[in-house]
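Undergrad: A single structure is presented below for examination.
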Amino acid sequence: GAAMLRFLGPLLCLWALRLPAGTGSAGRGLDVASYRERVRAMFYHAYEHYLESAFPYDELRPLTCDGQDTWGSFSLTLIDALDTLLILGNVSEFQRVVNVLQEGVDFDIDVNASVFETNIRVVGGLLSAHLLSRKAGVEVEAGWPCSGPLLRMAEEAARKLLPAFQTPTGMPYGTVNLLHGVNPGETPVTCTAGIGTFIVEFATLSHLTGDPVFEDVARKALKALWKNRSDIGLVGNHIDVVTAKWVAQDAGIGAGVDSYFEYLVKGAILLQDKELMSMFLEYNKAIKNYTKFDDWYLWVQMYKGTVSMPVFQSLEAYWPGLQSLIGDVDNAMRTFLNYYTVWKQFGGLPEFYNIPQGYTCWQMFGCFAELIESAMYLYRATRDPTLLELGRDAVESIEKISKVDCGFATIKDLRDHRLDNRMESFFLAETVKYLYLLFDPDNFIHNDGSDFDVVVTPYGECVLNAGGYIFNTEAHPIDPAALHCCRKRKEEQWEVKDLIREFYSRKKTKKFTLKRAPDHGEGENAKDPEDASSEKAGEKRNSKKSSHSLLSCPSQSFNSKLAVLGQVFLDNT
């Protein structure tokens, strides 16, 4: 039934995007700049048609050239596309959209919204844009990044989601009314990903605003899932958030579970949190023991470990990205190549995939975006040209199959490539962004920590834009260093309120460029960025002969190869 369709999704997406006959690996010397410009053109073809035909609705309907509200009613595509504009270098449009959103978006509306989707798209998109706004030339207010209009919007949206977390278990309902809270009679059954995909956005909010409630509810939900894992260490697909009884007991790494595992890893990196990483590593052992067969993953019964669905998923597309983030680059590359090979070689699916009649692959770009995300991480780590070939093939396939006069449409029927009248906002947030970053090795997002800004806040100086960005599951980058900028809790903020004018009149930004630290001894003298920032600035003024980077990346066993992402800052307090 419906569950089977969800489980089949990723491979069906690959089948839908299989390459035209004759497309091979002749492209070792492909023109990266040319493909980067083609991706830029894809973005603007979609974005301009959204503005022309769909704004202020959430999403574009590309076959009829009009718009529709889908996940709420807050110009979702505009929020999702905002940080992509800056990554493509369009600061003037970024600034214009920031003003449009401030004037036009209202979350105090009588709309039933997905807690998960609103978090990753709206809260994540606004937080990312807030943290990038000074880089985009926006005139930021005094106290930034600890205050600002986009941060206030992100906080307002997140507060609308908090009633969903008021359950006996701390695990949230899946849907909330933005005006009235949880509807009476709302189903208590939520998928695992819908419970465990909040820590990146909510912890960032808490660190920036000083209000711990967001991080607290996100952690409580994560720990509730951990507490309710089976004796053999697996979690199921859907759970009752009131009784903590598993409704769907299928365990795997795919749909309904995926971003829970993703956020344990990304939350651990963002917060330098060993507990979150140890949770993931324990799950990883159980997943290998019970669900992995050669290089394929099955769905198994979470209590017994017996196969519950004989459906191979060929290593969900996000999994190589997770493997690379924990430093397991060799296995990540092997996983990725298996998945890519499946996609390139299938002229159809083996019969055991049993494509259901009339299956709708509406998430084509979604599962595909995760494969490109994995390729981007792995290309940073290995420079293997095969990864660029994946990007090339993605561009060719998307343009061939999904491009229409008014944007890009998702596939309605796999058998004849009929198109659905929908362009999901994540096409601009994820698919295009990861493709562009794959083909743009010098983008500021790839900063290795050798270049950074020191920004004055009411709480002192802090380091920003040094790289090491953590992408949320909607591809919105969060600067981990920003979490160290706003240490004071709200009740203490009155003490520094009087200082804001003084700081605002001072020069707010100092620019430093350092050579990257040599590999030896990395991390031994690393200090917390906030505690050491003014000290660093002084040292830099007094002695420009420092032999290694002042922003050494701390060496830790559980994230030994974080150089894939660049610098990550350690909280020593």
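Undergrad: Inside the stretch 285-295, can you point out the residues that are open to solvent by less than 70 Å² (accessible area, probe 1.4 Å) and either within 17 Å of A224 (Cβ to Cβ) or modelled with pLDDT under 95 (or both)? It would help to see each step written out before you state the result.
TA: The first filter runs over the stretch 285-295 and keeps only residues open to solvent by less than 70 Å² (accessible area, probe 1.4 Å), leaving 286-287, 291-292, 295.
Scanning the stretch 285-295 gives I287, T291, K292, D295.
Undergrad: Taking the stated definitions as given, is L8 among the hydrophobic types (A, V, I, L, M, F, W, C), modelled with pLDDT of 95 or more and assigned to a helix (DSSP H, G or I)?
TA: Taking the combined requirement at face value, the residue does not satisfy it.
Undergrad: Further, regarding this structure: Output yes when any residue across the stretch 149-168 is outside any loop (DSSP other than H, G, I, E, B), open to solvent by less than 10 Å² (accessible area, probe 1.4 Å) and touching a His at 6+ places or on another chain (Cβ under 6 Å), and no when none is. First the steps, then the outcome.
TA: Going through the stretch 149-168, the residues outside any loop (DSSP other than H, G, I, E, B) turn out to be 149-165.
Retained after the next criterion (residues that are open to solvent by less than 10 Å² (accessible area, probe 1.4 Å)): 150-151, 154, 157-158, 161, 164.
Add one more test, that the residue is touching a His at 6+ places or on another chain (Cβ under 6 Å), and what stays is 150-151.
Checked the stretch 149-168: at least one residue is outside any loop (DSSP other than H, G, I, E, B), open to solvent by less than 10 Å² (accessible area, probe 1.4 Å) and touching a His at 6+ places or on another chain (Cβ under 6 Å).
Undergrad: Same structure, new question: List pairs: first residue in the stretch 461-485 and more than 15 Å from Y377 (Cα to Cα) and open to solvent by 10 Å² or more (accessible area, probe 1.4 Å), second residue in a strand (DSSP E or B) and of a type in the set (A, V, I, L, M) anywhere in the structure, Cβ distance under 6 angstrom, at least six positions apart or on different chains.
TA: E461/V454
Undergrad: With the checklist (1) open to solvent by 10 Å² or more (accessible area, probe 1.4 Å); (2) more than 29 Å from T335 (Cα to Cα); (3) of a type outside the set (V, I, T); (4) touching a helix residue (DSSP H, G or I) at 6+ places or on another chain (Cβ under 7 Å) in hand, flag the one item L208 doesn't pass.
TA: Condition not satisfied by L208: (1).
Undergrad: May I ask you to verify whether F94 is open to solvent by 40 Å² or more (accessible area, probe 1.4 Å), within 20 Å of the chain's Cα centre (by Cα) and touching a residue at least 40 places away in the same chain (Cβ under 8 Å)?
TA: Numbers: open to solvent by 40 Å² or more (accessible area, probe 1.4 Å): no; within 20 Å of the chain's Cα centre (by Cα): yes; touching a residue at least 40 places away in the same chain (Cβ under 8 Å): yes.
No, not satisfied.
Undergrad: Okay, next question. Any idea how many residues of the stretch 177-193 are in contact with a strand residue (DSSP E or B) (Cβ under 6 Å, 6 or more places away or on another chain), hydrophobic (A, V, I, L, M, F, W, C) and under 23 Å from I79 (Cα atoms)?
TA: Residues meeting the conditions: 1.
Undergrad: So, one more: Give G104, G143, G124 a once-over and let me know the one that is small (G, A, S), within 25 Å of H180 (Cβ to Cβ) and in contact with a Pro (Cβ under 7 Å, 6 or more places away or on another chain).
TA: Exactly one residue qualifies, and that residue is G104.
The values are calculated or read from the model by the stated rules, or taken from the named source; none is laboratory data. What you are looking at is a predicted structure, and each value in this text was computed from that prediction instead of being measured. Every residue, glycine as well, gets a Cβ built from its backbone with ideal geometry; the counts of neighbours run over all protein chains shown. Just so you know, the surface numbers come from the protein's heavy atoms only, side chains and all, with ligands and any DNA or RNA stripped out. Shrake-Rupley method; radii C 1.70, N 1.55, O 1.52, S 1.80 Å.
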